[in-house]
Each structure stands twice: as C-alpha cells, then as structure tokens.
1. Any residue in segment 167-179 that is at pLDDT below 95 and of a type outside the set (D, E, K, R)?
2. Go through ASP197, ASP202 for me and flag whichever is assigned to a loop (DSSP other than H, G, I, E, B) and open to solvent by 20 Å² or more (accessible area, probe 1.4 Å).
3. Does GLY212 meet the test of being open to solvent by 40 Å² or more (accessible area, probe 1.4 Å), among the small types (Gly, Ala, Ser) and free of Cβ contacts under 8 Å to residues at least 40 places away in the same chain?
4. With the condition kept exactly as written, say whether any residue in segment 175-196 is in contact (Cβ under 8 Å) with a residue 40 or more places away in the chain, closer than 21 Å to CYS280 by Cβ and among the β-branched types (Val, Ile, Thr).
5. Based on what the data block shows, is ILE134 open to solvent by 30 Å² or more (accessible area, probe 1.4 Å), at pLDDT 95 or above, closer than 18 Å to GLN85 by Cβ and in contact with a strand residue (DSSP E or B) (Cβ under 6 Å, 6 or more places away or on another chain)?
6. Say we look at segment 160-194 and pick out the residues that are among the aromatic types (Phe, Trp, Tyr) and open to solvent by 10 Å² or more (accessible area, probe 1.4 Å); which of these is nearest to CYS335 (Cα to Cα)?
7. Quick check on segment 283-290. Is at least one of its residues within 17 Å of ILE343 (Cα to Cα) and more than 20 Å from the chain's Cα centre (by Cα)?
Amino acid sequence: MTFYYAGFNTSMLFSNNGDIIFIVDSFTKVPFSGITGFQIGWNYFLIWKGKELYISQKFEENSEEADSNFQLIQPLEKPLDSINQAAIGKDKIVLLFDDNEIWQYKIYEKTWKKVINFICNSNDSENEYPVKIIQEECAVVLTNLGRVFNIPTLIDIPKRVRFIDIACGFDHTILLAENGDLYSMGMGTRGQLGHNDLEDCDNPKLVEALAGIKVTQISAAGWHSAVVTNQGDLYTWGWNTNGELGLTDQESKVIAVPTLIDFTNDKNESVEIFVEKAQCGNTFTICMTNDGTFWGCGCNKYGQLGQSPEKLANSMKFIKLDTSMIPGTIKDFKCREWGTILITN
C-alpha cells in the first residue's frame, strides 16, 4: 500500500534541504516506512503504522521534537496498539479505542481528557457503541444502531430511520439512511443543507430534492456537500465561490438544492461517466469513476487537485485530473481541508 499526497503542507514530511515545501503541487509519495493510513488535518497530518498513530507537523524549534518529522501519540492509560479510530480537529484529536472509550487529545498542550460515556446501555437492549466519529466545531458520533450523537446529546431522529453514515462540513452534517435517503442538519446560511432555503435546522431533515433517489455515498467539507447515487450520478450543493460545486451554469454563489453534475470534455461536449466516489475538501471536490478516472473542480491554490497552481488556479467545472504519474492501481482516495491523498495497491 502506497500513499501519494498533494496540497497544503506545514510539516517536515515534505521538505527540501531542511525547508518545508508548503505547496505540494503534484501527487508525491508519502515518505514514511510501513504506512497503513493517512489523515489530513488543518495544519498537520496523522499517519498510521498498523495500530500506532503518529502526528506530523511543524514542531517548535526549541521542542524535543524539533529534529523529528513525526511524534508518536502515546495514549494516557492505554496500550499503544489500542487506538481504533481518530477524528481530526483544528487543535485536538478525538480518539476511539478498542474498548469503545473516547478520549480527547489536545495537540499543542499535549493533554488528555476522557469523554464521559454518553451512550446508556441496559441489560435488556442490544449493546450500542460508536462506529464513526467526526470532529469539526463539535464532535459527532454515529453508533452501530444508526443513532447519532452531537456529543454528549442524542440527536432527535425521525421514527423508523436508521443512519449508516455521516459527513460534516464546518457547521453542518449530512446523514445517509440505510434506505438511501439523505438528511441534513446544522447551519444553512450558505445552502449547505440542500433544503432550498438558507435556514438552520437543529435536527435531521429529509433532503426532499433527493427523495426517491438512492444515495450510496456522501461527503461534506467547508460549506458544501456532495453525494453519489446508485446510478453513478453526482449531486453537489452549498457554497460555490471557488467553483467547488462544478456547476458552470449557475450564476449564484449559493446553491441551496442538490444539483446534478453534467460532465463535459475539453470541447464542452457532455460525456457519460459512472461516479463511484466523491470527496469534498474545504473549497474543492474530487470524484472517481468506475474506470479509475479522476475529475476535480474548485480551488487549486495549494495544488490540492494534484495539478500545478501556476497552470490551474481553480476550475469552475469538473475537469479530468492527470494521475498518470502514479504507478500501480489507485484503489481509494480522500480529500480534507486543503489536500488530497491517493492510495494504491
């Protein structure tokens, strides 16, 4: 398994003669032996080596880690190999352990705090535990029973609805139900909820524009959202100041309803593609098709589309991305903040 990164960097992970390369403008192999996972933070990276978790950032010059590119995160009162999942925040990491305990690690203070158990299990009910955690302005948890917590508060979920995935932007959350329906909640001032208005919503509300359409994969970041359907269609909505929605025929910078993407080639002719996965970064979006082709749109200020910013500052429409320099088959990818990671076999 090999990882290739493009985008904004503040760590010594990508450097030249001791100087940090802040803009990694082409997909570059992550120089870390034994890497099994890579997560993109606001100004740092998390690197997995099996069950061990490392942080890579720009350390203070007089700190103990100043001469190192990485710092091993050593859990308080926990074995090193007991971390199951990590959710990245700007200045904190929320960690889920194998025993389902959740701890918060403050990066710059290097302090640990245990999150008080907010899931109440009784002897006569099915055991409930976290399966996914996202850290943005607050921490959101999805459980194995399809319930969602805005830690520590249980979200009021519509009856007979069970959620199987969640995705969060700066201040909104989209939720995928097991029947393929999409719900959203949070702030809606930039149209990111997809309810065809700019109103906030405290609890999950059905995105009616997608009613009857089976959504299979979801993503959100910044102030926009994207979903893929079982027909291989891609819908985007929300804030569109940098072209992150890929909608060239929309004059408004706020698109408050999910809108189908029409992919076109260099001659502006429509092309038929089947989207398998989409990922949102803060001001950009990338998708992968069933033939392994990558398309992207939005801001490329830091090279997060894997192209040189000098040649492509941003794109208001989805364009085909050049990944020909990547050896092997790309099996997965992730976008977050200002960067993109490609994963090959």
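The values are calculated or read from the model by the stated rules, or taken from the named source; none is laboratory data. All of these numbers come straight from a predicted model, not from anything done at the bench. Please note: Cβ atoms are built from the backbone with ideal geometry, for glycine as well, and neighbour counts cover all protein chains shown. Quick note on the areas: whole protein, heavy atoms, side chains included, nothing else; ligands and nucleic acids left out. Shrake-Rupley method; radii C 1.70, N 1.55, O 1.52, S 1.80 Å.
1. Quick first cut of segment 167-179, residues at pLDDT below 95 only: none.
Scanning segment 167-179 turns up no residue that is at pLDDT below 95 and of a type outside the set (D, E, K, R).
2. ASP197 is the lone residue from the list that is assigned to a loop (DSSP other than H, G, I, E, B) and open to solvent by 20 Å² or more (accessible area, probe 1.4 Å).
3. When the stated conditions are applied, GLY212 passes them.
4. So far as segment 175-196 goes, no, none of its residues is in contact (Cβ under 8 Å) with a residue 40 or more places away in the chain, closer than 21 Å to CYS280 by Cβ and among the β-branched types (Val, Ile, Thr).
5. Judged against the criteria, ILE134 is not a match.
6. First pass over segment 160-194, keeping only residues among the aromatic types (Phe, Trp, Tyr): 163, 170, 183.
Those still in the list that are open to solvent by 10 Å² or more (accessible area, probe 1.4 Å) too: 170, 183.
On the way: PHE170: 14, TYR183: 22 Å.
It comes out as PHE170.
7. Within segment 283-290 (the criterion being within 17 Å of ILE343 (Cα to Cα) and more than 20 Å from the chain's Cα centre (by Cα)), the answer is yes, since at least one residue qualifies.
Conditions (1) out of contact with any helix residue (DSSP H, G or I) (no Cβ under 8 Å at 6 or more places or on another chain); (2) at pLDDT 95 or above; (3) surrounded by fewer than 19 Cβ atoms within 10 Å (Cβ to Cβ); (4) more than 27 Å from HIS172 (Cβ to Cβ), marked per residue:
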{"site": "LEU53", "(1), (2), (3), (4)": "yes, yes, no, yes"}
{"site": "GLU60", "(1), (2), (3), (4)": "yes, no, yes, yes"}
{"site": "LYS78", "(1), (2), (3), (4)": "yes, no, yes, yes"}
{"site": "ASP91", "(1), (2), (3), (4)": "yes, no, yes, no"}
{"site": "ILE102", "(1), (2), (3), (4)": "yes, yes, no, no"}
{"site": "TYR129", "(1), (2), (3), (4)": "yes, yes, yes, no"}
{"site": "VAL141", "(1), (2), (3), (4)": "yes, yes, no, no"}
{"site": "ASN144", "(1), (2), (3), (4)": "yes, yes, yes, no"}
